[in-house]
Amino acid sequence: MAVCVAGQDGQFSGGKLKGILEDLGKRYRVSDGRRFRLNQFAPDDTGPFGRDDEEAAGSMLGACVEQMAELQDKLYAQDRWALLLIFQAMDAAGKDSTIKQVMSGINPQGCQVFSFKAPSEGELDHDYLWRVMCCLPERGRIGIFNRSYYEETLVVQVHPEILERQHLPPELVTRNIWKERYEDIGAYERYLSRNGIRILKFFLNVSKGEQKRRFSQRLDQPSKNWKFSAADLRERERWEEYMAAYESTIRHTASPHAPWFVVPADNKWFTRLVVASVVVETMKSMDLRYPRLTPAQRDELERARGELARAGKSGAKRKR
Ligand code: ATP
Ligand code: MG
């Protein structure tokens, strides 16, 4: 049962805030997938929040967004780590709006977003990780993948006919192909993590009923009409197969260095808070700090200070 997290005045204490945010990260984290079952995670879960807590959750999100901006500044200045956020979900689960809200305080210079659509003919002439390589975040940056190489074990597993278009040598397309892809993705993520890229993978877990409600909104509201795609209805018909592919993918690719977060997505306010808290807690654990000056650099700053002061005096003389 949910408990009211805010006080009577709708506010929450700093200590309580910290505890709740830490707990949200742990609650939905899967870093060892061996026993993972998707049905252990309810799409309409709101954790410790009750229905009346939406406003309090909104203020918590605001606090997270502010903290994220401070941490991002240090990430950028330190220029050592990169953070890669991967978003996967069924249509209308809220990937776009979550990215928009959670990243709203971030300095655009330190953030790179890439959306991966069905691969082009040119991309299909390469291995499936090729197009991803150039989109990885540089050191000091936050990279966001709106869909990713995980489509290779999701949509492609649900529609194995897509494999035909990949022009793979036939002898390499065996019944082991998904197991091999899980292994290769695992090895790739280990490689990235060993090179200073922290990876967080979010599955926005929306229910079939809520997806129907959101599709209906796209049909009914003129401002949302453009989002509707009849192709999304075709994919919806394969819901069970998609859920099996997600379960299998998460089970085989969750790891301590590249954990999955199975985020309840029926309530958008809760989805955003969970994602924001996971990002903030992860960044806090990275020991981000502004670079310390060496004695030589400090001397240089002092010299520059003197130079600037002298230039100021001569400028003032000229004015007179
Ligand atoms: P939205 O619908 O919110 O605009 P979206 O991420 O669903 O965002 P779309 O252009 O509708 O964007 O869909 C992209 C499509 O590309 C998805 O159906 C996805 O499964 C497909 N796709 C992405 N990567 C691959 C891949 N490697 N192979 C095949 N299909 C892919
Ligand atoms: Mg779509």
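Structure above, values below:
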item	result
Rounded, prolate or oblate (a/c below 1.5 giving rounded, otherwise prolate when a/b exceeds b/c) for region 44-171 by Cα gyration tensor	oblate
Choice from Glu281, Glu66, Glu300 showing the highest fluctuation, given a GNM over the chain with Cα pairs closer than 10 Å	Glu300
Ellipsoid semi-axes in whole angstrom, largest first, where each is sqrt(5λ) of the Cα gyration tensor of the chain	39, 28, 20
Shape call, region 99-150: gyration tensor on alpha carbons, a/c limit 1.5	prolate
Across Lys18/Lys208; Lys100/Lys208; Lys95/Lys212; Lys18/Lys227; Lys26/Lys117; Lys18/Lys74, pairs whose alpha-carbon gap is larger than 27 Å	Lys18/Lys208; Lys18/Lys227; Lys26/Lys117
Globularity ratio of region 29-80, using Cα Rg and 2.2 N^0.38 Å	1.68
Gaussian network model of the chain, springs between alpha carbon atoms under 10 Å - residue of Gln112, Gln67, Gln166 with greatest fluctuation	Gln166
Residue of Ser255, Ser148, Ser285 that the Gaussian network model of the chain assigns the largest fluctuation, springs spanning Cα pairs under 10 Å	Ser285
Calculated log₁₀ intensity ratio I(q)/I(0) where the Debye formula runs over C-alpha points of region 193-243, q = 0.15, 0.25 Å⁻¹	-0.56, -1.01
Cβ-based charge dipole, region 174-320, positive-most Cα from Ala244, Ile177, Met283	Met283
Region 162-320 pair-distance distribution - Cα-Cα, 5 Å bins, rounded %	1, 6, 9, 11, 12, 12, 10, 8, 6, 4, 4, 5, 6, 4, 2, 1, 0, 0
Signed unit charges on C-beta, dipole axis of region 88-163, positive-most listed residue Ala92, Val102, Pro160	Val102
Surrounding net charge for Phe114, when Lys and Arg each add one and Asp and Glu each subtract one, Cβ distance under 11 Å	+3
Rel. contact order, % - alpha carbon contacts under 8 angstrom, at least six apart, the chain	33 percent
Residue (of Trp130, Leu219, Phe261) at the positive-pole extreme of region 16-304, dipole from beta-carbon charges	Phe261
Rounded, prolate or oblate (a/c below 1.5 giving rounded, otherwise prolate when a/b exceeds b/c) for region 140-228 by Cα gyration tensor	oblate
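All of the numbers you see were taken from the coordinates with simple rules; none came from a lab. Here the structure is a predicted model, which is why all the values come from computation and not from measurement. With ideal geometry, Cβ positions are generated from the backbone for all residues, glycine too; neighbour counts draw on all protein chains shown.
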